[in-house]
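The values are calculated or read from the model by the stated rules, or taken from the named source; none is laboratory data. All figures in this text were calculated on a predicted structure; none of them were measured in a lab. Cβ placement follows ideal geometry from the backbone for every residue including glycine, while neighbour counts extend to all protein chains displayed.
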Amino acid sequence: MPWTVVDALGVRPYAVAGGRTQSRHSADLQLHTQLEPGTAPAPGHVVPEAQQIVALCLTRRRSIAELAGRICQPVPVVQVLVSDLIDVHAVQIAATVFSNDPETLRELVAALERKWPDARRKAC
């Protein structure tokens, strides 16, 4: 949402984040950080944007960047809201498993080639 629309609504991003620009979990909340539902529901006193974040994470894993786009708020605002939701266990950072096992990587490449068979020919 463009800033002019936000201004017209009378709700500035810093108000949504309670005037905060940094969160307790800032170092862990990068654009690509994936979030999933936590072990507790969101408390009733959270802002509507935080409720939207919880609802979105209930349907599937979401990145910070995607959440920012979905709720039309700047990334720093989303990071503050997500940090608060992590503190109350309403969302959590999804565990990411990386593998450097050659067989797993070959299977991954094969699956990607099946999905996009022309990709290898178009690569630089």
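Points to keep in mind about this one:
- For the stretch 23-51, filtered to residues that are in contact (Cβ under 8 Å) with a residue 12 or more places away in the chain and among the small types (Gly, Ala, Ser), the residue that is nearest to Leu67 (Cα to Cα) is Ala50.
- The lone exception for Ala68 - which of (1) touching a strand residue (DSSP E or B) at 6+ places or on another chain (Cβ under 7 Å); (2) within 17 Å of Ser26 (Cβ to Cβ); (3) of a type outside the set (Asp, Glu) it fails: (1)
- All positions within the stretch 70-124 that are assigned to a loop (DSSP other than H, G, I, E, B) and either within 12 Å of the chain's Cα centre (by Cα) or at pLDDT 85 or above (or both): Cys72, Gln73, Pro74, Val88, His89, Ala90, Ala94, Ala95
- Tabulated pairs, the stretch 93-117, first closer than 20 Å to Ser63 by Cα and touching a residue at least 24 places away in the same chain (Cβ under 8 Å), second part of a helix (DSSP H, G or I) and small (Gly, Ala, Ser), C-beta under 6 angstrom, 6+ apart or interchain: none
- Answer residue from the stretch 58-77, given it is within 19 Å of Ala40 (Cα to Cα) and in contact with a Leu (Cβ under 7 Å, 6 or more places away or on another chain) and is surrounded by the fewest Cβ atoms within 10 Å (Cβ to Cβ) among those: Arg61
- Within the stretch 30-57, considering residues that are assigned to a helix (DSSP H, G or I) and in contact with a Lys or Arg (Cβ under 9 Å, 6 or more places away or on another chain), the one surrounded by the most Cβ atoms within 10 Å (Cβ to Cβ): Ile53
- Yes/no for Gln22 being in contact with a strand residue (DSSP E or B) (Cβ under 6 Å, 6 or more places away or on another chain), under 13 Å from Val82 (Cβ atoms) and not basic (Lys, Arg): no
- Extreme residue, farthest from Ala17 (Cα to Cα), among residues of the stretch 39-62 that are within 12 Å of the chain's Cα centre (by Cα) and not aliphatic (A, V, I, L, M): Arg60
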